[in-house]
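Participant: A single structure is presented below for examination.
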Amino acid sequence: MLLKYALLLEHLFFALYNSLYIKGDIKLKKFGLTVGTILVLLSSPLHIPTAVFAQQEAPAYAKWSIVAIKEVRIKYPQAKIVDYLHEGSEIQEDSTIEKFKLWLKQNDKEFGVNVKIQYVTKTNRIENIELQEATS
């Protein structure tokens, strides 16, 4: 709708410019040329790129990272979790072990905690959760 009005105004000003050009007045010619140029620029369609982000699926270990974080918070309630890393998974017969390393900061001390979550692969039932402070 706005584009229609801009185009209409553009045509009107170009008609005005042409009539002024015929009369030969230099100041009016410059005015008409300036207004016409502005209208052309305003009426030209502007392309505003829009980014479309593909939704990424959560990794398979996401559910287990939440469990690991909750367990660490229970054992170290005063510590702040600085970062975490999924170190991989290990399949043993009917079980899977998800391995994580969390970095914690408590008072002035920073340390790592290794977390292993063993669960039944088919049912996702947790069999064992092991937390161990990292030595380095």
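The values are calculated or read from the model by the stated rules, or taken from the named source; none is laboratory data. Because the structure is predicted, anything quoted here is derived from the model rather than measured. Here the Cβ is made from the backbone with ideal geometry for all residues, glycine too, and neighbour counts use every protein chain on show.
Participant: Scan Lys70, Lys105, Lys122 and give me the residue that is in a strand (DSSP E or B) and free of Cβ contacts under 8 Å to residues at least 40 places away in the same chain.
Facilitator: Lys105
Listed here are the residues, each with its yes/no results for (1) at pLDDT 95 or above; (2) surrounded by 10 or more Cβ atoms within 10 Å (Cβ to Cβ); (3) under 19 Å from the mean Cα position of the chain (by Cα); (4) hydrophobic (A, V, I, L, M, F, W, C).
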{"position": "Ser43", "(1), (2), (3), (4)": "no, yes, no, no"}
{"position": "Ala51", "(1), (2), (3), (4)": "no, no, yes, yes"}
{"position": "Glu57", "(1), (2), (3), (4)": "no, no, yes, no"}
{"position": "Ile81", "(1), (2), (3), (4)": "no, yes, no, yes"}
{"position": "Tyr84", "(1), (2), (3), (4)": "no, yes, no, no"}
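Participant: Would you confirm, using the coordinates I've provided, whether Glu93 is of a type outside the set (Gly, Ala, Ser), at pLDDT below 95 and either in contact with a Ser or Thr (Cβ under 8 Å, 6 or more places away or on another chain) or on the phi > 0 side of the Ramachandran plot (or both)?
Facilitator: Taking the combined requirement at face value, the residue satisfies it.
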